[in-house]
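The structure appears right after this line, and notes come after that.
The values are calculated or read from the model by the stated rules, or taken from the named source; none is laboratory data. Here the structure is a predicted model, which is why all the values come from computation and not from measurement. With ideal geometry, Cβ positions are generated from the backbone for all residues, glycine too; neighbour counts draw on all protein chains shown.
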Amino acid sequence: MMKLPNIQILRAVAALAVVFYHDGIETTNICTSNGTPCTYDFWVGGFGVPLFFIISGFIMVMTSWKSFGQIGAPLDFIKRRIIRIVPLYWLVTSLAVVGIIISPAMLNVPVLDPLYIAASYLFWPVTRVNGLVRPIANLGWTLNLEMMFYAVFSLALFFSRAWGLILAISFLAGLSLLQVFGLFGKAGALQSTPLNFWADPIILNFIMGMVLAIFFRRGFRINLIETSLLIAISVVGILLVGNFSDFLNALPENHIINRVTAMIPMLCLVVAATMGPQLDASKAVWRAGLLVGDASYSLYLIHPFILRPLAKIWGKVIGTHLPVWSFTMIGIFVALGGGLTLYALVERPLTRYLGRHRKHVPSQALSPV
């Protein structure tokens with residue numbers, strides 16, 4: 001079984017970045033409710049999703065390397081992805097539905113629309129009343145893109161490895177190119193909300209991960225000095241994006257410039273993590289990071305359902321009795337605890353139970369994603 005501890009650490013970094021970002025939003029909301037305006041814009045959290053997507057593309061190719069062209073491989077792949085993704089997502093979506101019933105304003109979904117609810121469960125892109133294409137569980141928008149990627153990848157498995165990868169990469173690149181040229185937008189010749197959403201240039205991160213996996217499988221590696229240089233380039237890239245955040249925020253969320261400037265630093269980081277020397281997973285210093293990496297999916301999905309109610313309670317009970325930044329620290333630890341608990345009590349046992357008797361075609365195991 002192939003193990004890449006660095007990937008697990010990066011998954012922890014990606015999940016914590018997203019948590020940090022939303023924690024800043026809720027901290028800002030507390031300031032507003034207290035009548036003391038402040039801004040806690042932890043923009044670095046915006047790198048979490050592209051990082052997740054590059055890792056996803058990498059791992060899908062790695063774990064399916066021997067499955068291309070095999071009878072039953074596409075169906076086996078879809079089964080594995082459904083077992084890994086769907087149960088926990090349906091659970092948090094159900095929590096969101098309950099939240100809408102109890103307090104519609106808390107989740108910014110004021111209308112209980114049955115079609116919208118159904119689309120959210122089925123990973124179908126739908127538009128909220130605020131114009132954003134988001135499911136009930138807001139962060140599920142990334143899973144809508146993941147499921148599209150899985151569908152494309154499963155079809156690629158019908159072909160030989162070379163042709164399958166060429167077709168999958170070409171399709172994703174072409175889809176994104178059509179979106180960049182506006183064919184799927186409101187004024188486009190092929191106007192379509194789902195196609196416009198699926199073609200978001202952020203899917204280029206899947207391609208980058210797939211390409212990295214091909215290089216990895218072909219034996220490409222880098223030394224410690226090269227790894228350190230790539231990490232340094234990634235950090236500089238992140239800082240540059242932050243420096244131009246005003247310009248980038250003025251562009252549409254799915255603008256190609258936004259997507260590429262976020263992708264490049266994360267690509268450098270994943271190249272360093274995959275091609276460079278691996279951390280020693282047996283050392284105690286890395287155990288916490290590896291555990292958070294294992295629980296990253298649970299943490300990613302559940303943290304908004306922890307942070308928002310916690311912020312509401314904090315604003316009413318704590319108010320100005322404690323400095324607002326203390327919520328930022330406490331919120332992260334509470335969200336982390338919630339994610340680890342969900343992973344230990346629900347995600348891990350449920351995934352093991354559902355996968356226990358699944359028949360499968362040969363593939364090479366890697367850290368789960």
Revision key, fill the gap. Within segment 273-288, the residues that are of a type in the set (Gly, Ala, Ser), surrounded by fewer than 23 Cβ atoms within 10 Å (Cβ to Cβ) and either at pLDDT 95 or above or within 15 Å of the chain's Cα centre (by Cα) (or both) are GLY276
Revision key, fill the gap. When (1) more than 16 Å from the chain's Cα centre (by Cα); (2) modelled with pLDDT of 95 or more; (3) closer than 25 Å to PRO50 by Cα are applied to ILE302, the one that fails is (1)
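When segment 46-72 is examined, which residues are found to be on the phi < 0 side of the Ramachandran plot and part of a loop (DSSP other than H, G, I, E, B)?
Residues satisfying the conditions are SER64, TRP65, LYS66, SER67, PHE68, GLN70, ILE71.
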Check your understanding: Scanning for something in contact (Cβ under 8 Å) with a residue 60 or more places away in the chain and in a loop (DSSP other than H, G, I, E, B), does segment 218-241 turn up at least one residue?
Key -> no
Practice item. Please determine, by comparing only the residues of segment 316-328 that are exposed (fewer than 12 other Cβ atoms within 10 Å of the Cβ) and of a type in the set (A, V, I, L, M), which one is modelled with the lowest pLDDT. Key: LEU322
Review point. In this structure, is ILE136 surrounded by fewer than 19 Cβ atoms within 10 Å (Cβ to Cβ) and either without any contact (Cβ under 8 Å) to a residue 24 or more places away in the chain or of a type in the set (A, V, I, L, M) (or both)?
Key: no
Exercise for review: Identify the residue in segment 353-369 that is of a type outside the set (Gly, Ala, Ser) and under 14 Å from TYR297 (Cβ atoms) and, among all such residues, is modelled with the highest pLDDT.
Suggested key: VAL369
Check your understanding: Any idea which residue in segment 41-72 is nearest to LEU301 (Cα to Cα), counting only those that are of a type in the set (Ser, Thr, Tyr) and within 22 Å of the chain's Cα centre (by Cα)?
Key -> SER56
**Study point:** Residue check, LEU291 of a type in the set (A, V, I, L, M), touching a residue at least 40 places away in the same chain (Cβ under 8 Å), surrounded by fewer than 16 Cβ atoms within 10 Å (Cβ to Cβ) and within 30 Å of THR93 (Cα to Cα)
**Key:** yes
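Which residue out of ILE257, ILE264 is surrounded by fewer than 21 Cβ atoms within 10 Å (Cβ to Cβ) and either within 26 Å of HIS303 (Cα to Cα) or within 17 Å of the chain's Cα centre (by Cα) (or both)? Break it down stepwise before answering.
Numbers: ILE257 fails: either within 26 Å of HIS303 (Cα to Cα) or within 17 Å of the chain's Cα centre (by Cα) (or both).
Residue meeting the stated conditions: ILE264.
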Review point. Identify, please: which residue in segment 86-108 is at pLDDT below 75 and under 22 Å from the mean Cα position of the chain (by Cα) and is, among those, nearest to HIS303 (Cα to Cα)?
Key: LEU107
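Identify, please: which residue in segment 168-189 is closer than 16 Å to ASN254 by Cβ, at pLDDT below 90 and hydrophobic (A, V, I, L, M, F, W, C) and is, among those, surrounded by the most Cβ atoms within 10 Å (Cβ to Cβ)? Spell out the reasoning first.
Taking segment 168-189 first, the residues closer than 16 Å to ASN254 by Cβ are 172-173, 175-188.
Now restrict to residues that are at pLDDT below 90: 182-188.
Among the residues that remain, those that are also hydrophobic (A, V, I, L, M, F, W, C) are: 183-184, 187.
On the way: LEU183: 18, PHE184: 22, ALA187: 7.
Ranking the candidates gives PHE184 first.
Here is a list: PRO252, PRO265, PRO309. Which entry is closer than 30 Å to LEU195 by Cβ, in a helix (DSSP H, G or I) and not aromatic (Phe, Trp, Tyr)? Can you show your working first?
On the way: PRO252 fails: in a helix (DSSP H, G or I); PRO309 fails: closer than 30 Å to LEU195 by Cβ.
Only one candidate passes the filter, namely PRO265.
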Review point. For GLY164, are the conditions met, namely being within 22 Å of THR127 (Cβ to Cβ) and either of a type in the set (D, E, K, R) or out of contact with any Pro (no Cβ under 6 Å at 6 or more places or on another chain) (or both)?
Key: no
Check your understanding: Within segment 178-196, is there a residue that is out of contact with any Phe, Trp or Tyr (no Cβ under 8 Å at 6 or more places or on another chain), among the basic types (Lys, Arg), over 28 Å from ALA73 (Cα atoms) and not in a helix (DSSP H, G or I)?
Key -> yes
